[in-house]
Amino acid sequence: MTRLTRLLSPDELEAALRAIGRERYHNLHPFHHLLHGGKLSLGQVQAWALNRYCYQAAIPRKDAALISKIHDRELRRVWAQRIIDHDGREQEEGGIERWLVLTDGLGLPRDYVISREGALPATVFAVEAYVRFVAEQPPVVAVSSCLTELFAPAIHKERIVGMLENYDFIEDRVLAYFRRRLDQAPRDADFALDYVKRHALTIAEQQGVIDALLFKCNVLWAQLDALYAAYVAPGMVPPGAFRPEDWA
Ligand SMILES: O=C(O)c1cc(C(=O)O)c2c(n1)C(=O)C(=O)c1cc(C(=O)O)[nH]c1-2
């Protein structure tokens, strides 16, 4: 039910959002099946981690854009924790640092990863579209775009188990990013879901919330399509993008 013809109750809205996740979340993408099933080479896993860094780096910027439009001090305070979770603070590393531990472990130079020079064009377009979407949309729609996180803990668990079992180049230590998200993501997603259920009170607002989740599923899906096309088949690596053989 992605086109609304009547106002939903808060629980019906939640059910509609969860149905979108079941049908469209990127756990269903063939690239993830290959990644978690141990079917990729080191170079292909490097390409994934390097591109995914762009997403990680964009998340605190998107959360800052969201905060800039919130007038409620309490909500800003809660939301600010997300920026700290990713950027860290003095004597406390954040998620971006933990992501760089993963790319270090895969043998990628930090400067190169952080420069985003080797990222696929589609990765950059997708993550910047997410930042811009949040900057432009009203608060309840912007908040709901993070609701893909409702479905993230399951994929993080699958990834930790699958990558540890299937790749001899992956050590437990480098997967700390995902272990930490197992606590953070449910806290963030539950908060956002509760907010959306209490604040999307018209058909137009509920439609906006649903469309935001569809948009966000597409942001995630498009990144994996691009990785698949470049590094699995047909192997169309765009000019200037990461080529595993150059870093072997
Ligand atoms: O590994 C994943 O599949 C995955 C997906 C998502 C998501 O659903 O957007 C996030 C994350 N991880 C994640 O680690 C993370 O910090 C995060 C923040 C957000 C967001 O939209 O605010 N999504 C996600």
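Structural remarks
- Single condition Asp188 does not satisfy, out of (1) within 14 Å of the ligand (Cβ to nearest atom); (2) under 22 Å from His33 (Cα atoms); (3) of a type in the set (Asp, Glu): (2)
- Lone unmet requirement of (1) at pLDDT 95 or above; (2) farther than 30 Å from Asp246 by Cα; (3) surrounded by fewer than 21 Cβ atoms within 10 Å (Cβ to Cβ) for Trp79: (3)
- Annotation: of all residues in the stretch 149-179 being near the ligand (Cβ under 9 Å from one of its atoms) and not aromatic (Phe, Trp, Tyr), the one that is farthest from the chain's Cα centre (by Cα) is Arg159.
Per-residue answers, yes or no, for (1) within 11 Å of the ligand (Cβ to nearest atom); (2) surrounded by 22 or more Cβ atoms within 10 Å (Cβ to Cβ); (3) at pLDDT below 95; (4) in a helix (DSSP H, G or I):
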| position | (1), (2), (3), (4) |
| --- | --- |
| Val127 | yes, yes, no, yes |
| Val131 | yes, no, no, yes |
| Ala135 | no, no, no, yes |
| Ser144 | yes, yes, no, yes |
| Asp183 | no, no, yes, yes |
| Tyr195 | no, no, no, yes |
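- Test result for Arg24, over 17 Å from Ala152 (Cβ atoms), surrounded by 14 or more Cβ atoms within 10 Å (Cβ to Cβ), within 12 Å of the ligand (Cβ to nearest atom) and basic (Lys, Arg): no
- Every pair of residues 6+ apart whose Cβ atoms lie under 9 Å, when the first sits in the stretch 183-204 and is hydroxyl-bearing (Ser, Thr, Tyr) while the second is part of a helix (DSSP H, G or I) and within 16 Å of the ligand (Cβ to nearest atom): Tyr195/Leu75; Tyr195/Pro139; Tyr195/Val140; Tyr195/Val143; Tyr195/Ser144
- Residue pairs whose Cβ atoms lie under 8 Å apart, sitting 6 or more positions apart in sequence or on different chains, and linking a residue in the stretch 67-84 that is over 18 Å from Arg181 (Cβ atoms) and among the charged types (D, E, K, R) to a partner that is assigned to a loop (DSSP other than H, G, I, E, B) and within 16 Å of the ligand (Cβ to nearest atom), are Arg76/Ile70.
- Condition broken by Arg52, with the remaining ones in (1) closer than 25 Å to Val209 by Cβ; (2) within 16 Å of the ligand (Cβ to nearest atom); (3) among the basic types (Lys, Arg) satisfied: (1)
- Considering the stretch 34-45, and only residues there that are more than 13 Å from the ligand (Cβ to nearest atom) and part of a helix (DSSP H, G or I), the residue that is surrounded by the fewest Cβ atoms within 10 Å (Cβ to Cβ) turns out to be Leu42.
- Residue match in the stretch 110-117 (condition: more than 30 Å from Ala229 (Cα to Cα) and out of contact with any Ser or Thr (no Cβ under 7 Å at 6 or more places or on another chain)): no
- For the stretch 46-65, taking the residues that are aliphatic (A, V, I, L, M) and touching a Ser or Thr at 6+ places or on another chain (Cβ under 9 Å), the one that is surrounded by the most Cβ atoms within 10 Å (Cβ to Cβ) is identified as Leu50.
- Residues satisfying the stated conditions in the stretch 119-142, i.e. touching a helix residue (DSSP H, G or I) at 6+ places or on another chain (Cβ under 6 Å), within 22 Å of Met236 (Cα to Cα) and not β-branched (Val, Ile, Thr): Ala119, Leu120, Ala122, Ala126
- Answer residue from the stretch 4-51, given it is charged (D, E, K, R) and over 15 Å from Cys217 (Cα atoms) and is nearest to the chain's Cα centre (by Cα) among those: Glu14
The values are calculated or read from the model by the stated rules, or taken from the named source; none is laboratory data. If you're wondering where the values come from, they're calculated on a predicted model, not measured in any experiment. Every residue, glycine as well, gets a Cβ built from its backbone with ideal geometry; the counts of neighbours run over all protein chains shown.
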